Amino acid sequence: MEHLKPNDGSLKKAHDVLKSGGVIIFPTETVYGIGTLVSNEPGIKRIYEVKKRPLDKPLQILIADLKQAESLALDISPKAREVMKKHWPGPLTLVFKARSGGSVGIRMPKHDWLLKLIKETGPLAASSANLSGLSEPISAEEVKIDADLLIDGGKCKLGEASTVIDVSVDPPLILREGRIKI
């Protein structure tokens, strides 16, 4: 697996890998993630395989702007928009009813390199870059799974997974505690 630092050259390489159907590992402000384009079904299957992740545990979708969220979520309530405005980009995943049916967890990471990539490629289906059930990596050295490309951005600033809140129900339901408190 090729290792690159987050810069303009690695941005182009990551873009090319994703557009050709590949899977990449990347830093966020929380933990290292593994992802592929949301339209890449073989790549999504590969993420489940390398993580040994149960198929009933959905991947989250990483976005770069509100327009991308609106393309995925069926209904974004005024209250959810308020929370998004206050906490995005940041360590908060919001679960909405999905336009495609079911539900979708959406997060806008607070990582400049990653946001640039997602603006160029479109949303990424993603998860933490660890074997399912083990601790999430906060540095490239801690990543023990394989992908086509690893972006080594050093140690993640926050070092813990995002807060997850289901806003498709009223009242909203906290699914995973994290740094963000609502």
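Taken together, the values in this text are just the output of simple stated rules run on the coordinates, not laboratory data. Keep in mind the model is a prediction, meaning the values are calculated, not measured. With ideal geometry, Cβ positions are generated from the backbone for all residues, glycine too; neighbour counts draw on all protein chains shown.
List of remarks:
- Strands (runs of 3 or more DSSP E) contained in region 11-82 and holding at least 2 residues on the phi > 0 side of the Ramachandran plot, polar (S, T, N, Q) and surrounded by 22 or more Cβ atoms within 10 Å (Cβ to Cβ): none
- If the condition is being closer than 24 Å to Ser77 by Cα and either part of a loop (DSSP other than H, G, I, E, B) or among the aromatic types (Phe, Trp, Tyr) (or both), then region 97-118 contributes Arg99, Ser100, Gly101, Gly102, Met108, Pro109, Lys110.
- Residue match in region 128-149 (condition: within 15 Å of the chain's Cα centre (by Cα), among the charged types (D, E, K, R) and not in a helix (DSSP H, G or I)): yes
- Test: Ala98 is within 23 Å of Lys57 (Cβ to Cβ), of a type in the set (Gly, Ala, Ser) and surrounded by fewer than 18 Cβ atoms within 10 Å (Cβ to Cβ): yes
- Odd one out for Gly154 among (1) of a type outside the set (A, V, I, L, M); (2) more than 21 Å from Leu37 (Cα to Cα); (3) not in a loop (DSSP other than H, G, I, E, B): (3)
- Residue within region 126-137 that is surrounded by fewer than 18 Cβ atoms within 10 Å (Cβ to Cβ) and of a type in the set (A, V, I, L, M) present: yes
- A search for C-beta distances below 6 Å between a residue of region 56-70 that is closer than 16 Å to Asp112 by Cα and any residue that is of a type in the set (Gly, Ala, Ser), counting only pairs 6+ apart in sequence or on different chains, returns Leu62/Ala126; Ile63/Ala69.
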